[in-house]
Amino acid sequence: MGTYLVSQGHEVVDKGEQADCVDAALAVAHDLGGHPESLGVVVDAYGAGSYMAACKVKGMVAAEVSDERSAYMTRQHNDARMICLGSKIVGEELALSIVREFLSARYEGGRHQIRVDMLGKMA
């Protein structure tokens, strides 16, 4: 996936050297905290562990996704900055399609900002 993203002009910072999906997700979430214009993708076996860890980081809006539409909409309506995928749930082609949709979406703001503000107060 990293090679594909680089070929599409995206900068890739690989945090995969972490020993555990929780550690990897936390590394990505904390890195995104220092780079407000960046987005993150974490892949583990099922996506759930990474998602739960990322949501513990103050200010991080993450989503566990396994389809393109959810990836697009969570960025557009929730200002999600990170998605978590499960390699045992989605194959490589679908994963690339999900990531493309996530990266192509733009946060709409407006009426959705109320929800984003509510999420921000929770963490």
Determine the gain in length on full extension of the stretch L96-Y46; use 0.36 nm per residue of separation and subtract their C-alpha separation, reporting nm with one decimal. 16.4 nm
Which aspartates and glutamates have a Cα less than 18 Å from the Cα of K56, not counting those fewer than 8 places away in the same chain? D20, D23, D31, D44, E64, D79, D117
Express in whole angstrom the spacing between the alpha-carbon centres of the stretch 22-59 and the stretch 60-123. 12
Quickly estimate the mean residue ellipticity at 222 nm for the chain, helices only: each DSSP H run with n ≥ 4 gives -39500 (n - 2.57), and the total goes over all residues, rounded to 500. -14500 deg cm²/dmol
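If I take every Cα pair under 8 Å that is 6 or more residues apart in the chain, average their sequence separation and divide by the length, what percent do I get for the relative contact order?
That works out to 24 percent.
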Among Q76, L39, G9, pick out the residue whose Cα is farthest towards the positive end of the charge dipole of the stretch 2-122, where Lys and Arg carry +1 and Asp and Glu carry -1 on C-beta, about the Cα centre. Q76
Pairwise label distance in nanometres, V22 with R111, each label 7 Å out on the Cα-Cβ vector: 3.9
Filtered hits (aspartates and glutamates, Cα-Cα < 12 Å from K121, offset >= 8 within chain) -> none
Calculate the translational D of the stretch 1-56 in whole µm² s⁻¹ from Stokes-Einstein, where the hydrodynamic radius comes from the Kirkwood formula applied to all Cα pairs, the temperature is 37 °C and the viscosity 0.692 mPa s. 280
Only Lys, Arg (+1) and Asp, Glu (-1) charged, at Cβ; the stretch 63-123 dipole about Cα centre in debye: 260
Express the Stokes-Einstein translational diffusion coefficient of the chain in µm² s⁻¹, to the nearest whole number, given a Kirkwood radius over alpha-carbon pairs, 25 °C and a viscosity of 0.890 mPa s. 171
For E64, enumerate residues with amide H under 5 Å from its amide H, sequence gap 5+ or separate chain, H modeled in the peptide plane. C84
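Just so you know, all these numbers are worked out from the coordinates, no wet-lab data involved. Quick caveat, the model's predicted, so the values are computed rather than measured. Glycine also receives a Cβ, built like all others from the backbone with ideal geometry; neighbour counts cover every protein chain displayed.
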